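Novice: Sharing a structure here in structure tokens format.
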């Protein structure tokens, strides 16, 4: 009762071959502890370092540091007060993790609500959605066949972004400006690939701005091969990013007109997202709100596009 940590060994002493059983039990306990300590050290090293690729882990020296620190703290608590002290300390250390878990759940709930509003917004705009939730631009059958076994190099992707994507986005920004929409096109450095991205932002006063960012990302080359040299096992995709992350499709090989069409499709879907979100009780999560003089919170109505733009959208109908 005075030393609970000795209870396990006292039990083993009652069996034949107590020395062997105690040694085996000690070894098993060390293996369980080392496995948990290694996992915890890896997680803490990942959290305390900047990792360029999701498939990588933190530096090994940082993992060793956290493992040693955990071991020292454990030994110190055992020496100071035994198992009881370590149990209390574990509860105290777990409190910040509980707060973080609640924040993660709140963030996840916000993301789910945003995805729901975006999905409903696409339905309102009568857009067909891909199975993964994104809306990829239409390709001709020749373009689809070209992309099936093509894994472009860094140079090819850089040329495509410079010669096709950038001019197309610049044309869209100029046209937005002519029609009275405040829009900007910024260069986004990318240290991982060395290929700068381009971010198109249309400001919608009082609402979530429209973001359309094109960024080159690395992807593994399938094991069944491709056209490029097998000197590397990765290639680059030209993906579209919005405020909720990557849309999951590749722009590589499209024409400037197809890129422009994709921007307009995304913009229409964003307007549908704003329309849906302001019609539901998500003001504190999805859309900005204003506080009136009486202290009441009111949701801003979505910005309406020009009448001619609405007419063009209505006349065009849903795309196949």
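Novice: To one decimal place, what Kirkwood hydrodynamic radius in Å is obtained for segment 24-112 from all pairs of distinct Cα atoms? Intermediate values should be presented prior to the final figure.
Specialist: On the way: mean 1/r = 0.0655 Å⁻¹.
Hydrodynamic radius (Kirkwood, Cα pairs) of segment 24-112 is 15.3 Å.
Novice: While we're on this one: Mind checking the full-extension length gain between residue 199 and residue 49? Use 0.36 nm per residue of separation minus the Cα-Cα distance, one decimal, nm.
Specialist: Between residue 199 and residue 49, full extension yields an extra 51.3 nm.
Novice: As a footprinting exposure proxy, order 93, 210 by other Cβ within 10 Å, with the fewest listed first.
Specialist: With the fewest neighbours first, 93, 210 line up as 93, 210.
Novice: Could you list 211, 236 so that the one with the fewest beta carbons within 10 Å of its beta carbon is first and the one with the most is last?
Specialist: Ordered from fewest to most neighbouring Cβ atoms within 10 Å, 211, 236 come out as 211, 236.
Novice: Rank the residues 277, 28 as a footprinting-exposure proxy: fewest other Cβ atoms within 10 Å of their Cβ go first.
Specialist: 28, 277
Novice: To continue, here is another question. Pairwise over distinct Cα atoms, reciprocal of the mean inverse distance: report the Kirkwood radius of segment 144-223 in Å, one decimal place. Intermediate values should be presented prior to the final figure.
Specialist: On the way: mean 1/r = 0.0695 Å⁻¹.
For segment 144-223, inverting the mean 1/r across all distinct Cα pairs yields 14.4 Å.
Novice: Here is a further query. With a Förster radius of 35 Å, plug the Cβ-Cβ distance of residue 261 and residue 234 into 1/(1 + (r/R0)^6) and report the FRET value to the nearest 0.05. Mind showing how you got there, number by number?
Specialist: Details: r = 29 Å, r/R0 = 0.83.
Once the sixth-power term is evaluated, E becomes 0.75.
Values in this text are rule-based calculations from the coordinates and carry no lab data. This structure is a prediction, so every number in the text was calculated from the model and none was measured. Reconstructed Cβ throughout: ideal geometry from the backbone, glycine too, with neighbour counts over all protein chains shown.
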